[in-house]
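The values are calculated or read from the model by the stated rules, or taken from the named source; none is laboratory data. Here the structure is a predicted model, which means the values were calculated and not measured. Please note: Cβ atoms are built from the backbone with ideal geometry, for glycine as well, and neighbour counts cover all protein chains shown.
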Amino acid sequence: MLKKRTINDAMSIVCIFLFLEIHYLHFMTDQPELYDNLKSLVAMVLVIPLISIACRIDLLANKKVLANPAVIHLTTQQCELMWQGEELSKISTMPVKQLLLDNPDSFAELVGSMLREAKQPGLTLKPLLIVHSMLELTKLEEEELKRLLMGIGAAKVVVVDEPEQIEAARKATIFPDLFGDA
């Protein structure tokens, strides 16, 4: 992937140089007919540097999200959130597993309110949510949990069973590139 990004960056530099050459510099050739024919073609190729810049911004955003994941600990009656230096805890009136299965909107509101409270002022990217579930969840319940958390604004959700798996889950998480393998 790094090799393709390097090729994309090199093509971007060549495209910008060609644009400047044809429109302003005229170092290599001095044929007006050639300029007229190539102006629109080179102007269309200027989308390559924009893609290169967008890929770099996407890469930086993904690194920032991976560096600061939100960790949610689910116990029988309690949800704890650790994100951006904040530690929040909310106690549910009914068991969390029952809340997740019977009233998913209330569960989403509970976790969403915790995320909003922990959010720093200013621009905040969608968090990577690592859920440490001390509940015995089936695969179907885990999928429902992931769907709910993605719905409230998570970039990606990873469910782990043991606290030791949290760091490994953060390191193993890979976000899809904005433009594939550009």
Check: In the set Phe27, Phe17, which member is part of a loop (DSSP other than H, G, I, E, B) and at negative phi?
Finding: Phe27
Next item on the list: Report, ordered by the first and then the second residue, all pairs with beta carbons closer than 9 Å, sequence separation of six or more or different chains, a first member in region 88-99 that is outside the structural domain of Gln77 (by TED's automatic domain parsing), and a second member that is modelled with pLDDT of 90 or more and among the polar types (S, T, N, Q).
Entry: none
Notebook entry, point to check: In region 63-114, which residue that is loosely packed, with under 13 Cβ neighbours inside 10 Å and among the small types (Gly, Ala, Ser) is nearest to Leu148 (Cα to Cα)?
Noted result: Ser89
Next item on the list: Considering only region 97-150, state which residues are in a loop (DSSP other than H, G, I, E, B) and β-branched (Val, Ile, Thr).
Entry: Thr124, Thr138
Note to self: I'd like to check something: does region 42-65 contain any residue that is under 30 Å from Leu140 (Cβ atoms) and touching a Leu at 6+ places or on another chain (Cβ under 6 Å)?
What the structure shows: yes
Notebook entry, point to check: For residues in region 26-49 being modelled with pLDDT of 75 or more and surrounded by fewer than 11 Cβ atoms within 10 Å (Cβ to Cβ), which is nearest to Phe175 (Cα to Cα)?
Noted result: Met44
Check: Would it be correct to say that Thr124 is at pLDDT below 90, in contact with a helix residue (DSSP H, G or I) (Cβ under 9 Å, 6 or more places away or on another chain), hydroxyl-bearing (Ser, Thr, Tyr) and within 18 Å of Leu60 (Cβ to Cβ)?
Finding: no
Next item on the list: May I ask you to list the residues in region 3-25 that are among the small types (Gly, Ala, Ser) and either in contact with a strand residue (DSSP E or B) (Cβ under 9 Å, 6 or more places away or on another chain) or surrounded by 13 or more Cβ atoms within 10 Å (Cβ to Cβ) (or both)?
Entry: Ser12
Next item on the list: Could you check Val42 against (1) over 30 Å from Met150 (Cβ atoms); (2) within 18 Å of the chain's Cα centre (by Cα); (3) among the β-branched types (Val, Ile, Thr) and say which number it fails?
Entry: (2)
